[in-house]
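Working notes for the structure below.
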Amino acid sequence: MEDEGLVGRLLRNSWVELSGVELPRALIGTSPFIGAGQFGRRASSYHSRFFNKPLAVAEVLSAAVELGVSGIQALPYPFIIEAIRRVETDTGVELAVVATIGPYDPSGDLALFEGLDVRAFLTHGALTDGPAWPGLGELMEEARSSGALAGYVTHRPMRALRRISSGELPRPDVVMLPFNALGYMMDAPAEAVIDELRRLGLKAIGKKVLAAGRLRPEEALRFVLHYDKFIVSLAIGVAAVEEVRETFGILADLLRNRPQP
């Protein structure tokens with residue numbers, strides 16, 4: 001892995017601007033902390049280690065911040081918010097937050113993130129991928145009124161992009177979608193998703209880029225960075241300090257060595 005000082009500079013200084021809002025290219029994801037089902041046999045272990053345990057979550061987040069990661073993709077759970085606030089107090093670093101809202105109380109979740117540096121509010125995939133619901137446009141405008149981007153998380157990227165294209169879903173500022181070399185939890189090949197993003201003029205945050213641990217980090221990240229004109233930020237969930245150092249160290253190395261435009 002690269003020298004940690006260099007890694008930190010690379011990660012801290014790697015940002016992208018969308019509609020006047022800056023997003024870090026590297027976000028630490030929080031799905032492991034709720035024991036999300038995509039982790040298969042590890043989900044139960046993750047749930048036991050982290051759920052409702054903000055100190056355990058803060059340990060992993062602190063390792064990422066110390067390495068130079070300056071953004072987090074945060075699910076709307078009070079223990080995750082508590083961990084973020086604790087890490088910010090302990091490290092003196094204000095994290096840029098990409099916040100998921102919903103599925104149960106998206107309007108209430110806006111308030112849950114109050115006081116944090118929220119750069120984007122994204123509706124939960126269970127909301128995005130269900131029937132279009134009244135009040136979605138108003139919710140997005142409320143999010144934008146705070147100075148944040150408004151958009152969607154989707155578990156079905158091609159279907160969601162086509163619903164945006166048809167006008168069934170209001171046009172977002174950004175979308176977060178699964179994107180990986182295996183096509184894991186995707187409903188279309190990677191190239192097809194990129195073509196649709198290009199056609200719509202949209203940018204995306206990639207999630208499940210490691211295919212929930214089914215891909216080695218270097219292989220997975222090299223693939224996704226090939227599409228970085230459209231997949232402009234990556235949310236990467238890690239569940240241990242060692243995983244933080246390995247995965248984000250590899251990402252920094254690839255960012256340093258990628259061909260310049």
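Residues of the range 236-253 that are under 15 Å from residue 206 (Cα atoms) and open to solvent by 10 Å² or more (accessible area, probe 1.4 Å): 237 alone. Checking each residue in the range 37-53 for being without any contact (Cβ under 8 Å) to a residue 40 or more places away in the chain and open to solvent by less than 50 Å² (accessible area, probe 1.4 Å) picks out only 43.
Among the residues of the range 185-194, is any in contact (Cβ under 8 Å) with a residue 60 or more places away in the chain and under 17 Å from the mean Cα position of the chain (by Cα)?
As a first pass, look at the range 185-194 and keep what is in contact (Cβ under 8 Å) with a residue 60 or more places away in the chain: 185.
Applying the additional criterion that residues be under 17 Å from the mean Cα position of the chain (by Cα) yields 185.
Yes, some residue in the range 185-194 is in contact (Cβ under 8 Å) with a residue 60 or more places away in the chain and under 17 Å from the mean Cα position of the chain (by Cα).
Given the condition surrounded by 18 or more Cβ atoms within 10 Å (Cβ to Cβ) and in a strand (DSSP E or B), answer yes or no: does some residue in the range 57-71 qualify? The answer is yes; a qualifying residue exists.
Could you list, in sequence order, all residues of the range 113-142 that are among the small types (Gly, Ala, Ser) and in contact (Cβ under 8 Å) with a residue 40 or more places away in the chain? Quick ask: steps written out before the conclusion?
Taking the range 113-142 and keeping what is among the small types (Gly, Ala, Ser), we get 115, 120, 125-126, 130, 132, 135, 137.
Within the range 113-142, 120 is the sole residue that qualifies.
Within the range 72-84, being assigned to a strand (DSSP E or B) and either surrounded by fewer than 22 Cβ atoms within 10 Å (Cβ to Cβ) or touching a helix residue (DSSP H, G or I) at 6+ places or on another chain (Cβ under 8 Å) (or both) holds for 72, 74.
Got at least one residue in the range 85-102 being modelled with pLDDT of 95 or more, exposed (fewer than 14 other Cβ atoms within 10 Å of the Cβ) and either closer than 30 Å to residue 219 by Cβ or polar (S, T, N, Q) (or both)? The answer is yes; a qualifying residue exists. When 25, 9 are screened for being closer than 25 Å to residue 174 by Cα and either surrounded by fewer than 17 Cβ atoms within 10 Å (Cβ to Cβ) or of a type in the set (Lys, Arg) (or both), only 25 passes.
The values are calculated or read from the model by the stated rules, or taken from the named source; none is laboratory data. Predicted model only: the values in this text are computed from it and were never measured. A quick note on method: Cβ atoms are made from the backbone with ideal geometry, for glycine too, and the neighbour counts reach across all protein chains shown. What goes into the accessible areas is simple: the full protein's heavy atoms, side chains included, and nothing from ligands, DNA or RNA. Shrake-Rupley method; radii C 1.70, N 1.55, O 1.52, S 1.80 Å.
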